Amino acid sequence: MTASDTAQDLDALLEEVAEVARPTARQGELADYIPALRDEDPDCFGLAMVDMDGTEYVVGDVDRPFAIQSISKVFSLVLAMQKADRAEGVKKELWDRVGVEPSGDPFNSLIQLEREKGIPRNPMINAGALVVDDVLLGHCENPREEMKALVSELAGEEVTIDERVADAEEGTSGRNRAIAYLMQSFDNLHHTVDEVIDAYAHQCAVQMTARQLARASRFLANDGVDPATGKQILRPPLARRVAAIMLTTGTYDAAGEFAFDVGLPCKSGVAGAIMALAPDRYGITVWSPPLDSSGNSRAGHVALHELAERLELSIF
Ligand code: GLN
(Lines give C-alpha, C1' and ligand atoms only; values in the text may rest on other atoms or scores of the structure.)
Protein backbone atom coordinates (compact mmCIF):
# COMPACT_ATOMS: atom_id res chain seq x y z
CA MET A 1 0.00 0.00 0.00
CA THR A 2 1.47 3.38 -0.95
CA ALA A 3 1.49 6.41 1.29
CA SER A 4 -1.19 8.11 -0.78
CA ASP A 5 -3.43 5.00 -0.68
CA THR A 6 -3.13 5.11 3.08
CA ALA A 7 -4.07 8.78 3.15
CA GLN A 8 -7.10 8.11 0.97
CA ASP A 9 -8.10 5.19 3.16
CA LEU A 10 -7.88 7.35 6.24
CA ASP A 11 -9.95 10.11 4.66
CA ALA A 12 -12.62 7.54 3.76
CA LEU A 13 -12.45 6.06 7.25
CA LEU A 14 -12.99 9.47 8.84
CA GLU A 15 -16.05 10.00 6.61
CA GLU A 16 -17.46 6.68 7.79
CA VAL A 17 -16.81 7.53 11.43
CA ALA A 18 -18.54 10.89 10.95
CA GLU A 19 -21.53 9.17 9.37
CA VAL A 20 -21.94 6.88 12.37
CA ALA A 21 -21.37 9.60 14.97
CA ARG A 22 -23.27 12.59 13.53
CA PRO A 23 -26.83 11.31 14.10
CA THR A 24 -26.09 10.60 17.76
CA ALA A 25 -25.59 14.32 18.45
CA ARG A 26 -29.35 14.65 18.75
CA GLN A 27 -29.24 12.48 21.88
CA GLY A 28 -27.29 15.25 23.63
CA GLU A 29 -28.09 18.79 24.70
CA LEU A 30 -26.32 22.09 24.22
CA ALA A 31 -24.80 23.75 27.28
CA ASP A 32 -27.14 26.65 27.95
CA TYR A 33 -25.52 28.80 30.64
CA ILE A 34 -24.08 31.38 28.20
CA PRO A 35 -25.42 32.67 24.85
CA ALA A 36 -22.39 31.55 22.80
CA LEU A 37 -23.04 27.93 23.76
CA ARG A 38 -26.83 28.11 23.87
CA ASP A 39 -26.98 29.55 20.34
CA GLU A 40 -24.49 27.15 18.75
CA ASP A 41 -25.65 25.05 15.79
CA PRO A 42 -26.18 21.54 17.23
CA ASP A 43 -25.54 19.99 13.83
CA CYS A 44 -21.94 21.19 13.59
CA PHE A 45 -19.57 18.27 13.47
CA GLY A 46 -15.84 18.26 12.84
CA LEU A 47 -13.19 15.59 13.23
CA ALA A 48 -9.49 16.29 12.74
CA MET A 49 -6.61 13.87 13.07
CA VAL A 50 -3.02 15.01 12.54
CA ASP A 51 -0.12 12.58 12.32
CA MET A 52 3.42 13.19 13.49
CA ASP A 53 4.55 14.16 9.97
CA GLY A 54 1.93 16.90 9.92
CA THR A 55 -0.49 15.19 7.54
CA GLU A 56 -4.01 16.29 8.43
CA TYR A 57 -7.03 14.04 7.98
CA VAL A 58 -10.24 15.96 8.42
CA VAL A 59 -13.97 15.74 7.95
CA GLY A 60 -16.71 18.30 8.55
CA ASP A 61 -16.49 21.63 10.40
CA VAL A 62 -12.83 21.50 11.33
CA ASP A 63 -12.09 25.16 10.62
CA ARG A 64 -14.92 26.71 12.59
CA PRO A 65 -13.75 28.17 15.90
CA PHE A 66 -15.41 27.51 19.26
CA ALA A 67 -14.46 28.24 22.87
CA ILE A 68 -12.05 25.57 24.06
CA GLN A 69 -13.53 25.79 27.58
CA SER A 70 -12.17 23.02 29.81
CA ILE A 71 -9.70 21.79 27.21
CA SER A 72 -7.74 24.88 28.25
CA LYS A 73 -7.10 23.09 31.56
CA VAL A 74 -4.57 20.87 29.77
CA PHE A 75 -2.63 23.87 28.50
CA SER A 76 -2.70 25.77 31.79
CA LEU A 77 -1.44 22.62 33.50
CA VAL A 78 1.33 22.30 30.90
CA LEU A 79 2.36 25.88 31.57
CA ALA A 80 2.40 25.26 35.33
CA MET A 81 4.39 22.05 34.85
CA GLN A 82 6.92 23.93 32.73
CA LYS A 83 7.38 26.40 35.60
CA ALA A 84 7.48 23.56 38.14
CA ASP A 85 10.17 21.76 36.14
CA ARG A 86 12.43 24.79 36.48
CA ALA A 87 11.93 25.32 40.21
CA GLU A 88 11.56 22.65 42.90
CA GLY A 89 9.54 25.10 45.03
CA VAL A 90 6.92 25.55 42.31
CA LYS A 91 6.72 21.78 41.82
CA LYS A 92 6.02 21.26 45.51
CA GLU A 93 3.56 24.13 45.56
CA LEU A 94 1.65 22.73 42.59
CA TRP A 95 1.37 19.10 43.66
CA ASP A 96 0.81 19.88 47.34
CA ARG A 97 -2.20 21.95 46.35
CA VAL A 98 -3.88 19.75 43.75
CA GLY A 99 -4.20 15.96 43.53
CA VAL A 100 -4.13 13.48 40.65
CA GLU A 101 -7.05 11.21 41.52
CA PRO A 102 -10.28 10.91 39.53
CA SER A 103 -13.13 12.65 41.31
CA GLY A 104 -16.11 10.58 40.18
CA ASP A 105 -18.13 13.77 40.57
CA PRO A 106 -19.26 16.40 38.06
CA PHE A 107 -16.59 18.90 36.92
CA ASN A 108 -18.04 21.77 38.95
CA SER A 109 -18.90 19.87 42.12
CA LEU A 110 -18.10 21.27 45.58
CA ILE A 111 -18.81 18.15 47.60
CA GLN A 112 -15.32 16.63 47.86
CA LEU A 113 -13.68 19.98 48.45
CA GLU A 114 -15.34 20.45 51.81
CA ARG A 115 -14.48 16.95 52.93
CA GLU A 116 -10.93 17.09 51.57
CA LYS A 117 -10.05 20.44 53.09
CA GLY A 118 -9.92 22.54 49.95
CA ILE A 119 -7.48 20.32 47.99
CA PRO A 120 -9.05 19.52 44.61
CA ARG A 121 -8.87 15.94 43.41
CA ASN A 122 -7.19 16.81 40.10
CA PRO A 123 -6.35 19.70 37.72
CA MET A 124 -9.05 18.81 35.15
CA ILE A 125 -12.04 19.65 37.35
CA ASN A 126 -12.88 23.31 37.89
CA ALA A 127 -11.50 23.46 41.43
CA GLY A 128 -8.16 22.04 40.29
CA ALA A 129 -7.94 24.36 37.30
CA LEU A 130 -8.58 27.34 39.60
CA VAL A 131 -5.65 26.27 41.81
CA VAL A 132 -3.45 25.87 38.71
CA ASP A 133 -4.42 29.41 37.68
CA ASP A 134 -3.59 30.65 41.16
CA VAL A 135 -0.13 29.05 40.85
CA LEU A 136 0.31 30.62 37.40
CA LEU A 137 -0.69 34.05 38.73
CA GLY A 138 2.20 33.71 41.18
CA HIS A 139 4.78 32.67 38.60
CA CYS A 140 3.86 34.27 35.25
CA GLU A 141 4.07 37.93 34.29
CA ASN A 142 0.79 37.53 32.43
CA PRO A 143 -0.73 34.02 32.54
CA ARG A 144 -3.40 34.87 29.96
CA GLU A 145 -0.87 35.99 27.37
CA GLU A 146 1.53 33.13 28.14
CA MET A 147 -1.19 30.56 27.67
CA LYS A 148 -2.36 32.19 24.47
CA ALA A 149 1.22 32.24 23.19
CA LEU A 150 1.69 28.57 24.05
CA VAL A 151 -1.45 27.38 22.26
CA SER A 152 -0.78 29.66 19.28
CA GLU A 153 2.70 28.19 18.94
CA LEU A 154 1.36 24.64 19.17
CA ALA A 155 -1.52 25.30 16.78
CA GLY A 156 0.85 26.93 14.28
CA GLU A 157 -1.52 29.92 14.10
CA GLU A 158 -2.41 32.87 16.28
CA VAL A 159 -5.45 32.07 18.43
CA THR A 160 -7.73 34.69 19.96
CA ILE A 161 -9.76 35.12 23.14
CA ASP A 162 -13.43 36.01 22.68
CA GLU A 163 -14.00 38.76 25.26
CA ARG A 164 -17.78 38.33 25.01
CA VAL A 165 -17.44 34.71 26.03
CA ALA A 166 -15.04 35.66 28.85
CA ASP A 167 -17.53 38.29 30.09
CA ALA A 168 -20.40 35.80 29.93
CA GLU A 169 -18.30 33.23 31.82
CA GLU A 170 -17.57 35.78 34.54
CA GLY A 171 -21.23 36.77 34.67
CA THR A 172 -22.28 33.18 35.33
CA SER A 173 -19.40 32.20 37.59
CA GLY A 174 -21.36 31.80 40.85
CA ARG A 175 -20.47 28.17 41.30
CA ASN A 176 -16.82 28.65 40.34
CA ARG A 177 -16.63 31.57 42.78
CA ALA A 178 -18.12 29.38 45.48
CA ILE A 179 -15.42 26.80 44.77
CA ALA A 180 -12.73 29.50 44.87
CA TYR A 181 -13.99 30.98 48.16
CA LEU A 182 -14.19 27.54 49.73
CA MET A 183 -10.56 26.85 48.73
CA GLN A 184 -9.57 30.30 50.01
CA SER A 185 -11.11 29.42 53.38
CA PHE A 186 -8.75 26.42 53.48
CA ASP A 187 -5.82 28.67 52.52
CA ASN A 188 -5.55 27.03 49.10
CA LEU A 189 -5.95 30.23 47.09
CA HIS A 190 -3.34 32.97 47.31
CA HIS A 191 -4.71 35.55 44.89
CA THR A 192 -8.10 37.18 45.07
CA VAL A 193 -11.10 35.23 43.88
CA ASP A 194 -11.67 37.94 41.23
CA GLU A 195 -8.14 37.55 39.84
CA VAL A 196 -8.40 33.76 39.66
CA ILE A 197 -11.89 33.78 38.12
CA ASP A 198 -10.77 36.35 35.57
CA ALA A 199 -7.83 34.16 34.50
CA TYR A 200 -10.05 31.09 34.32
CA ALA A 201 -12.84 32.83 32.35
CA HIS A 202 -10.32 34.02 29.78
CA GLN A 203 -8.73 30.62 29.27
CA CYS A 204 -12.19 29.09 28.76
CA ALA A 205 -12.85 31.75 26.09
CA VAL A 206 -9.83 30.91 23.91
CA GLN A 207 -11.18 30.29 20.41
CA MET A 208 -9.79 27.39 18.43
CA THR A 209 -10.83 25.01 15.70
CA ALA A 210 -10.82 21.21 15.79
CA ARG A 211 -7.90 21.25 13.36
CA GLN A 212 -5.88 23.62 15.55
CA LEU A 213 -6.55 21.61 18.71
CA ALA A 214 -5.56 18.37 16.99
CA ARG A 215 -2.27 19.98 15.99
CA ALA A 216 -1.76 21.50 19.42
CA SER A 217 -2.23 18.16 21.19
CA ARG A 218 0.42 16.32 19.23
CA PHE A 219 3.37 17.08 21.52
CA LEU A 220 1.61 15.15 24.29
CA ALA A 221 1.50 12.10 22.00
CA ASN A 222 5.15 12.62 21.06
CA ASP A 223 7.14 12.53 24.32
CA GLY A 224 6.60 16.23 24.87
CA VAL A 225 8.18 17.33 21.56
CA ASP A 226 6.10 19.44 19.18
CA PRO A 227 6.57 17.56 15.89
CA ALA A 228 6.00 20.76 13.91
CA THR A 229 9.03 22.55 15.36
CA GLY A 230 11.07 19.88 17.14
CA LYS A 231 10.78 21.94 20.31
CA GLN A 232 10.64 20.11 23.65
CA ILE A 233 7.56 21.58 25.31
CA LEU A 234 7.68 19.23 28.30
CA ARG A 235 10.22 16.57 29.24
CA PRO A 236 9.00 13.05 28.28
CA PRO A 237 8.06 11.90 31.82
CA LEU A 238 6.07 15.08 32.34
CA ALA A 239 4.25 14.76 29.01
CA ARG A 240 3.32 11.21 30.02
CA ARG A 241 1.96 12.47 33.32
CA VAL A 242 -0.27 14.99 31.55
CA ALA A 243 -1.56 12.14 29.36
CA ALA A 244 -2.16 10.02 32.48
CA ILE A 245 -4.14 12.84 34.07
CA MET A 246 -6.18 13.24 30.87
CA LEU A 247 -6.95 9.53 30.76
CA THR A 248 -8.02 9.27 34.38
CA THR A 249 -9.76 12.63 34.81
CA GLY A 250 -10.14 14.45 31.48
CA THR A 251 -13.74 13.44 30.92
CA TYR A 252 -14.76 13.83 34.57
CA ASP A 253 -17.07 11.18 35.98
CA ALA A 254 -17.12 9.44 32.60
CA ALA A 255 -13.33 8.85 32.57
CA GLY A 256 -13.82 5.14 33.23
CA GLU A 257 -16.31 4.87 30.41
CA PHE A 258 -13.93 6.66 28.02
CA ALA A 259 -11.02 4.41 29.07
CA PHE A 260 -13.30 1.44 28.51
CA ASP A 261 -14.66 2.26 25.08
CA VAL A 262 -12.10 4.70 23.61
CA GLY A 263 -8.87 3.83 25.42
CA LEU A 264 -7.11 7.14 24.79
CA PRO A 265 -6.18 10.09 27.00
CA CYS A 266 -8.96 12.62 26.32
CA LYS A 267 -9.95 16.08 27.48
CA SER A 268 -13.41 17.47 26.87
CA GLY A 269 -14.88 20.96 26.98
CA VAL A 270 -18.43 22.14 27.47
CA ALA A 271 -18.52 23.64 23.94
CA GLY A 272 -18.56 20.05 22.69
CA ALA A 273 -14.95 19.38 21.74
CA ILE A 274 -12.89 16.41 22.86
CA MET A 275 -9.13 16.40 22.33
CA ALA A 276 -7.58 12.92 22.30
CA LEU A 277 -4.03 11.56 22.12
CA ALA A 278 -2.97 8.47 20.21
CA PRO A 279 0.62 8.11 21.46
CA ASP A 280 3.27 8.16 18.70
CA ARG A 281 0.53 8.34 16.08
CA TYR A 282 -1.99 11.17 16.12
CA GLY A 283 -3.34 14.27 17.78
CA ILE A 284 -7.12 14.11 17.43
CA THR A 285 -10.00 16.48 18.09
CA VAL A 286 -13.69 16.00 17.51
CA TRP A 287 -16.26 18.75 17.90
CA SER A 288 -20.03 18.34 18.15
CA PRO A 289 -21.77 20.73 20.58
CA PRO A 290 -24.57 18.62 22.16
CA LEU A 291 -23.43 17.10 25.47
CA ASP A 292 -24.29 14.03 27.50
CA SER A 293 -25.14 14.20 31.20
CA SER A 294 -21.43 14.26 32.19
CA GLY A 295 -20.78 17.31 30.01
CA ASN A 296 -18.93 15.42 27.26
CA SER A 297 -19.82 15.68 23.57
CA ARG A 298 -22.29 12.91 22.80
CA ALA A 299 -21.34 12.43 19.14
CA GLY A 300 -17.71 13.15 20.00
CA HIS A 301 -17.69 10.17 22.32
CA VAL A 302 -19.18 7.95 19.62
CA ALA A 303 -16.73 9.24 17.00
CA LEU A 304 -13.71 8.56 19.20
CA HIS A 305 -14.99 5.09 19.99
CA GLU A 306 -15.42 4.28 16.29
CA LEU A 307 -12.07 5.80 15.33
CA ALA A 308 -10.16 4.02 18.10
CA GLU A 309 -11.75 0.68 17.20
CA ARG A 310 -11.17 0.96 13.48
CA LEU A 311 -7.57 2.13 13.76
CA GLU A 312 -6.75 0.06 16.86
CA LEU A 313 -5.64 3.13 18.70
CA SER A 314 -6.39 2.07 22.28
CA ILE A 315 -3.34 2.35 24.50
CA PHE A 316 -4.33 -0.82 26.34
N1 GLN B 1 -16.60 27.38 31.61
C2 GLN B 1 -16.99 26.08 32.07
C3 GLN B 1 -17.17 26.08 33.58
O4 GLN B 1 -16.35 26.60 34.27
C5 GLN B 1 -15.98 25.07 31.65
C6 GLN B 1 -16.38 23.68 32.05
C7 GLN B 1 -16.17 22.65 30.98
O8 GLN B 1 -15.83 22.92 29.84
N9 GLN B 1 -16.44 21.42 31.33
O10 GLN B 1 -18.16 25.60 34.10
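The values are calculated or read from the model by the stated rules, or taken from the named source; none is laboratory data. Keep in mind the model is a prediction, meaning the values are calculated, not measured. Cβ sites come from the backbone with ideal geometry, for glycine too, and all protein chains shown count toward neighbours.
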Q.
Yes or no: region 150-163 includes at least one residue that is modelled with pLDDT of 95 or more, within 16 Å of the ligand (Cβ to nearest atom) and outside any helix (DSSP H, G or I).
A. yes
(Q) Testing residue 38 on (1) crowded, with 20+ Cβ neighbours inside 10 Å; (2) charged (D, E, K, R); (3) under 21 Å from the mean Cα position of the chain (by Cα), one condition comes back false. Which one is that? (A) (1)
Q. Can you name every residue in region 49-73 that is over 30 Å from residue 127 (Cα atoms) and either within 16 Å of the ligand (Cβ to nearest atom) or charged (D, E, K, R) (or both)?
A. 51, 53, 56, 61, 63
Q: Sort through 121, 86 and tell me the only one that's surrounded by fewer than 19 Cβ atoms within 10 Å (Cβ to Cβ) and under 23 Å from residue 220 (Cα atoms).
A: 86
(Q) I'd like to check something: does region 82-101 contain any residue that is within 16 Å of the ligand (Cβ to nearest atom) and of a type in the set (S, T, N, Q)? (A) no
Q: Taking the residues in region 118-131 that are in a loop (DSSP other than H, G, I, E, B) and within 14 Å of the chain's Cα centre (by Cα) as candidates, determine which candidate is farthest from residue 70 (Cα to Cα).
A: 122
Q) What residue, among those in region 173-199 that are under 16 Å from residue 93 (Cβ atoms) and part of a loop (DSSP other than H, G, I, E, B), is farthest from the ligand (Cβ to nearest atom)? A) 187
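Residues checked against (1) within 21 Å of the chain's Cα centre (by Cα); (2) more than 30 Å from residue 177 (Cα to Cα); (3) surrounded by fewer than 20 Cβ atoms within 10 Å (Cβ to Cβ):
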| site | (1), (2), (3) |
| --- | --- |
| 24 | no, yes, yes |
| 53 | no, yes, yes |
| 73 | yes, no, no |
| 93 | no, no, no |
| 112 | no, no, yes |
Q: From 55, 2, 24, grab the single residue that is modelled with pLDDT under 95 and of a type in the set (Ser, Thr, Tyr).
A: 2
Q.
Pull out all pairs, ordered by first then second residue, where Cβ-Cβ is under 7 Å, the residues are six or more apart or on different chains, the first lies in region 287-314 and is under 17 Å from residue 61 (Cβ atoms), and the second is away from the ligand (no atom under 16 Å from the Cβ) and polar (S, T, N, Q).
A. 298/24; 298/27; 299/24; 302/24
Q: Take region 124-151 and flag every residue that is acidic (Asp, Glu) and either buried (at least 24 other Cβ atoms within 10 Å of the Cβ) or without any contact (Cβ under 8 Å) to a residue 40 or more places away in the chain (or both).
A: 133, 134, 141, 145
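For every residue, the table says whether it meets (1) in contact (Cβ under 8 Å) with a residue 40 or more places away in the chain; (2) within 16 Å of the ligand (Cβ to nearest atom); (3) touching a His at 6+ places or on another chain (Cβ under 6 Å).
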{"residue": "8", "(1), (2), (3)": "no, no, no"}
{"residue": "15", "(1), (2), (3)": "yes, no, no"}
{"residue": "18", "(1), (2), (3)": "yes, no, no"}
{"residue": "25", "(1), (2), (3)": "yes, no, no"}
{"residue": "34", "(1), (2), (3)": "yes, yes, no"}
{"residue": "47", "(1), (2), (3)": "yes, no, no"}
